[in-house]
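Below is one structure; the comments refer to it alone.
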Amino acid sequence: MKKYIYFYDRIDVLLDRYPAKIAYQIQKSTLEFGFVFIYSEKFSKSWKPNLLPENSIVIYSPFLAEKTLQKLILKYPPVAFVNMALRIPDIFMLGFFNKLNVPSYVVQHGLFVKHLTRVPFLNHVSNKLGQFIKYAVYSYRISKLIGKPSIKTLNDLYLCYIKGAVKFSNLKTLKDSNLLSSKVFSFDSTWDNYYINYGYVKSQMIYFGNPDYSLVKQFEIKPVENSICYICQTLVEDGRYIKKDFIDFISNLKNNLANEKVYLKLHPRSN
């Protein structure tokens, strides 16, 4: 029976990036494996899996569930699982495949995304409410997967992912629950502490550089002026940074670079 490599990313269009590229490289080496791509959110109504390898299995699962996955693996037996981040849905997927002793791998996702657009405020609030509901469901399913109290699991995930008050590796309910991948492919050693905070050790890390740098080759780059560009993230909008602290940071940037020309490249969703 044919074996399958499973890929998961949260949003449909993101499957066209690293998951598709990795699958094609595997396909160049061997035709032994098939591919199953799973996503749980639709970004584009017009998205089609045209950039994925031919005959790939593509599954849209808005609420990932253990029963659904059990049916899927009976039809398409897994030989490996690959995901692109360590968000709450990813943790659930890792826990599911680890429970089956299927080798799992996390690949650090890139920073350059062409499809991002500015989201209106009300849409953003509505989206965040929907995300919270989904994450509450995922935390419940994680608790059932590892046999831990659901309220305590939800609280731990809240402390880690929303408040940022506790390292993932120190969460009481999730500690030693086999929710991390076998290996993690990261850009370089500057990301070591990020993954160590989750509970990885150095021997699990494989460096592969940042593939997004290859995108620079598409542009004709000529020095224009001696200046500095600060590329913003949605730190305040996503609740990862207090607005006052961010303003203090921008003020310090201004004061320390008073003699330099500075550009602020806003994230499409930045206020």
Quick one: grab the alpha carbon gyration tensor of region 45-114, order the square roots of its eigenvalues as a ≥ b ≥ c, and give me rounded if a/c is under 1.5, else prolate or oblate depending on whether a/b is larger than b/c. oblate
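Out of every Cα-Cα pair in region 1-108, what percent are more than 18 Å apart? Mind showing how you got there, number by number?
Values: 2480 of 5778 pairs.
Summing the P(r) tail past 18 Å for region 1-108 gives 43 percent.
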In degrees between 0 and 90, to the nearest 10, how far off the longest principal axis of the chain does helix 66-75 point, with axes built from Cα atoms? 60 degrees
With DSSP loop assignment and no more than 15 other C-beta atoms within 10 Å, the GluC sites (Glu not before Pro) in region 200-271 are Glu220, Glu225, Glu260
Taking 0.36 nm per intervening residue step and subtracting the Cα-Cα distance, what contour gain separates Lys261 from Asn155 on full extension? 33.7 nm
Under the rule of at least 5 residues apart or a separate chain, name every residue whose amide H is placed under 5 Å from the amide H of Val79. Tyr4, Ile5, Tyr6
Links that overshoot a 25 Å alpha carbon limit, given the list Lys167/Lys243; Lys2/Lys28; Lys134/Lys172; Lys3/Lys42: Lys3/Lys42
Taking the chain and counting helices only, DSSP H stretches of n ≥ 4 at -39,500 (n - 2.57) each over all residues, the nearest-500 ellipticity at 222 nm comes to -10000 deg cm²/dmol
Whole angstrom only: what separates the Cα centroid of region 180-234 from the Cα centroid of region 50-81? 28 Å
Which shape class, rounded, prolate or oblate, goes with region 143-248 when its Cα gyration tensor gives a ≥ b ≥ c as root eigenvalues, a/c under 1.5 marks rounded, and past that a/b bigger than b/c marks prolate? oblate
Given unit charges at Cβ for Lys, Arg (+) and Asp, Glu (-), the dipole magnitude of the chain about its Cα centre in debye, nearest 20, is 700 debye
Phi-based couplings in Hz for region 14-23 (Karplus 6.51, -1.76, 1.60; Gly and Pro marked x): 6, 5, 6, 8, 5, x, 5, 5, 5, 4
Could you tell me which of rounded, prolate or oblate describes region 132-187, using a ≥ b ≥ c as the square roots of the eigenvalues of the alpha-carbon gyration tensor, with rounded for a/c under 1.5 and, failing that, prolate when a/b is larger than b/c and oblate otherwise? prolate
Near the amide H of Ile38, under 5 Å away, which other amide H atoms are found, from residues 5 or more places off or on another chain, if H is placed in the peptide plane? Phe7, Tyr8, Asp9, Ile59
How do 242-249, 62-69 rank on mean C-beta neighbours within 10 Å, highest first? 62-69, 242-249
Would you mind telling me the share, in percent, of accessible area of the chain contributed by carbon and sulfur at probe 1.4 angstrom? 58 percent
The chain, relative contact order [Cα under 8 Å, separation at least 6], %: 15 percent
Two-site label geometry, Ser189 and Leu235: point separation in nm, points 7 Å out along Cα→Cβ: 2.6 nm
Do any of Lys71/Lys217; Lys71/Lys202; Lys217/Lys261 go past 32 Å between their Cα atoms, and which? Lys71/Lys217; Lys71/Lys202
Ranked order, Met1, Met84 - accessible area, probe 1.4 Å, largest first: Met1, Met84
Just order 184-190, 40-46 by mean Cβ neighbour count inside 10 Å, highest at the front, would you? 184-190, 40-46
Need one number: nm distance between label points at Ile221 and Ile206, each 7 Å from Cα along Cα→Cβ, rounded to one decimal. 2.7 nm
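The values are calculated or read from the model by the stated rules, or taken from the named source; none is laboratory data. Quick caveat, the model's predicted, so the values are computed rather than measured. Neighbour counts run over all protein chains shown; Cβ positions are idealised from the backbone, glycine included. The protein model used for the area step is the full one, side chains on, heavy atoms only, and it has no ligands, DNA or RNA in it. Shrake-Rupley method; radii C 1.70, N 1.55, O 1.52, S 1.80 Å.
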